[in-house]
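Chemist: Could you have a look at this structure, given as structure tokens, before my questions?
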Amino acid sequence: MEGIEIERALADLPGLEITRSQDLIQIHIPAIQDEVRLAPEAVLQLEPIFGPRGERALEIVLLDGDEVRPLILTADDAVFEPAAESSVLDSQIAVTVSNMPHLVAYSEMERDSRALAVSCQESADLNLASLGGTMLLLRCMIAGAMRLGMRPATSAAYWDSVWTEFGEDLMLPPFRADPLWDELLEDAHSIPLTAPSPAPARFDPANLTQSDFSVPRVSFGRIDEELVDAWRQWIRVSPEVFAECLLDGLPDAEASVAIYPDGGGEASLRVYADETAVGLVQLGFSFPNDDFTLDEIRITGAGKGTGLFQRLLFNTERVAELLGFDELHVHATGIGSYALAALGYPKAPGLRRRTGG
């Protein structure tokens, strides 16, 4: 593909810094302090899409030898395919990670590597089998980023801090010799390792009062002691945190929420543009039945083609996770069910079949 065509497509993502050097397009992403390097002749296809939070994104199909690989860029992140376990391990016996994702975001890789290092420092009783799998998983993620010209030195620094202390006990096969990895570790050794920000104070249901339900843009119906008691029994976060999750990224939205003494509940969210409703989500849940359902999601008028659908589904999944549900059940038919089925990444059909997305 022509370099100028690639640069024009990238220009739609604000904040990226694009330069050309030695027949490569260098895409610096300030939010992650790293850059992707692309050879124009390796780019087979470009497709503007919306990311899972409704943000603008660009899906790129890359040719890597005889393989095609996905790359998704947003204004603040890069999403890519981890390298195969066999490409980083020097072993005649196949070793696989059972929960290897088909795509990973750079920000997730960095967050998870930091969290692993911190947990290893704080835990007195480590499951070495699980730790070995996680270390291999992160090594594959880092290798996948390096394959795109990125230099995730911070992730490598946290990975190496764990390997230095526990590597001999993990019983992993040896890693392949890799000069680029050795160079990355040299950079990593100069990076100070920092702990993540302290977690916010845990929600104490005993301290919940009726005044905690005075949350902007959210109605909880009749606020009385019955509501307070039901919330204390079934909900593990404050009304404010629940509302923040439900309304995240939707400044022109309003919601109504109900929670019942038997552990059932529902939520309705409407998104407005110029005082006209353009988006609707209806959710239902039952804690005793461990059931969280998306009953309806509808986009109309000015909300179409804006990424609002993706944002609403993203918030729905986050709310389900926040409340402790493991699965999201979709009660949608017709166009709604088709749209939900088509939400997966990567979008390119050939890539989705290959990656299992």
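The values are calculated or read from the model by the stated rules, or taken from the named source; none is laboratory data. None of these values were measured; they are calculated from a predicted model. Quick reminder, even Gly has a Cβ in these numbers, built from the backbone with ideal geometry, and neighbours come from all protein chains shown. Surface accessibility is based on the protein's heavy atoms, side chains included, excluding ligands, DNA and RNA. Shrake-Rupley method; radii C 1.70, N 1.55, O 1.52, S 1.80 Å.
Chemist: Across the stretch 50-71, what is the number of residues that are within 12 Å of the chain's Cα centre (by Cα) and under 14 Å from ILE29 (Cβ atoms)?
Modeler: 1
Chemist: Across the stretch 117-132, which residue is farthest from PRO30 (Cα to Cα) among those that are out of contact with any Leu (no Cβ under 7 Å at 6 or more places or on another chain), part of a helix (DSSP H, G or I) and not small (Gly, Ala, Ser)?
Modeler: Per the criteria, the residue is GLU122.
Chemist: Related question: Can you name the residue in the stretch 256-268 that is more than 12 Å from SER286 (Cβ to Cβ) and touching a Ser or Thr at 6+ places or on another chain (Cβ under 8 Å) and is also surrounded by the fewest Cβ atoms within 10 Å (Cβ to Cβ) among such residues?
Modeler: SER256
Chemist: If you don't mind, there's one more thing I want to ask. Which of (1) part of a loop (DSSP other than H, G, I, E, B); (2) open to solvent by 60 Å² or more (accessible area, probe 1.4 Å) does GLU108 not meet, given it meets every other one?
Modeler: Looking at each condition in turn, GLU108 falls short on (1).
Chemist: Take ARG151 and tell me if it is basic (Lys, Arg) and touching a strand residue (DSSP E or B) at 6+ places or on another chain (Cβ under 9 Å).
Modeler: yes
Chemist: Report those helices (runs of 4 or more DSSP H) wholly inside the stretch 305-357 carrying at least 3 residues which are outside the structural domain of VAL68 (by the TED database), small (Gly, Ala, Ser) and at pLDDT below 75.
Modeler: Ranges flagged: 335-341.
Chemist: Answer yes if at least one residue in the stretch 52-59 is surrounded by 14 or more Cβ atoms within 10 Å (Cβ to Cβ), closer than 29 Å to MET1 by Cβ, of a type in the set (A, V, I, L, M, F, W, C) and touching a residue at least 12 places away in the same chain (Cβ under 8 Å), and no otherwise.
Modeler: Taking every residue of the stretch 52-59 in turn, at least one turns out to be surrounded by 14 or more Cβ atoms within 10 Å (Cβ to Cβ), closer than 29 Å to MET1 by Cβ, of a type in the set (A, V, I, L, M, F, W, C) and touching a residue at least 12 places away in the same chain (Cβ under 8 Å).
Conditions tested, residue by residue: (1) under 29 Å from the mean Cα position of the chain (by Cα); (2) assigned by the TED database to the domain that holds ILE142; (3) of a type in the set (Ser, Thr, Tyr); (4) closer than 30 Å to LEU89 by Cβ.
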site	(1), (2), (3), (4)
ASP187	yes, yes, no, yes
VAL215	yes, no, no, no
GLN233	no, no, no, no
VAL237	yes, no, no, no
LEU283	yes, no, no, no
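Chemist: Give me the residue from the stretch 8-40 that is in contact with a helix residue (DSSP H, G or I) (Cβ under 9 Å, 6 or more places away or on another chain) and open to solvent by 50 Å² or more (accessible area, probe 1.4 Å) and, out of that set, farthest from PHE314 (Cα to Cα).
Modeler: Restricting to residues being in contact with a helix residue (DSSP H, G or I) (Cβ under 9 Å, 6 or more places away or on another chain) and open to solvent by 50 Å² or more (accessible area, probe 1.4 Å), the top hit is ASP23.
Chemist: Quick one: ALA253 ticks every box in (1) under 31 Å from the mean Cα position of the chain (by Cα); (2) open to solvent by 30 Å² or more (accessible area, probe 1.4 Å); (3) farther than 18 Å from ASN207 by Cα bar one, so which box is it?
Modeler: Here ALA253 meets the rest and fails (2).
Chemist: Would you mention how many residues in the stretch 210-235 are exposed (fewer than 10 other Cβ atoms within 10 Å of the Cβ) and outside any helix (DSSP H, G or I)?
Modeler: Number of matching residues: 2.
Chemist: Take SER268 and decide whether it is touching a strand residue (DSSP E or B) at 6+ places or on another chain (Cβ under 6 Å) and either closer than 30 Å to PRO52 by Cβ or hydroxyl-bearing (Ser, Thr, Tyr) (or both).
Modeler: yes
Chemist: Can you find a residue that is closer than 18 Å to VAL319 by Cβ, at pLDDT 95 or above, assigned to a strand (DSSP E or B) and open to solvent by 60 Å² or more (accessible area, probe 1.4 Å) anywhere in the stretch 236-247?
Modeler: no
Chemist: Search the stretch 285-308 for residues being among the hydrophobic types (A, V, I, L, M, F, W, C) and touching a residue at least 24 places away in the same chain (Cβ under 8 Å), and hand back the single one that is most open to solvent (accessible area, probe 1.4 Å).
Modeler: Per the stated criteria, the residue is ALA302.
Chemist: Let me ask something else. Return a yes/no flag: does the stretch 92-100 have any residue that is on the phi > 0 side of the Ramachandran plot and either among the hydrophobic types (A, V, I, L, M, F, W, C) or in a loop (DSSP other than H, G, I, E, B) (or both).
Modeler: no
Chemist: Continuing with this model, one more query. Could you tell me whether ALA157 is touching a residue at least 60 places away in the same chain (Cβ under 8 Å), assigned by the TED database to the domain that holds ILE191, assigned to a helix (DSSP H, G or I) and more than 18 Å from ASN99 (Cα to Cα)?
Modeler: Criteria not met by ALA157.
Chemist: Open to solvent by 40 Å² or more (accessible area, probe 1.4 Å), in contact (Cβ under 8 Å) with a residue 12 or more places away in the chain and either hydroxyl-bearing (Ser, Thr, Tyr) or not in a loop (DSSP other than H, G, I, E, B) (or both): which single residue out of TRP181, TRP163 fits that description?
Modeler: Within the list TRP181, TRP163, the selection yields TRP163.
Chemist: Let me ask something additional. Of these, SER130, SER113, which one is touching a Pro at 6+ places or on another chain (Cβ under 9 Å) and more than 30 Å from ILE4 (Cα to Cα)?
Modeler: SER113
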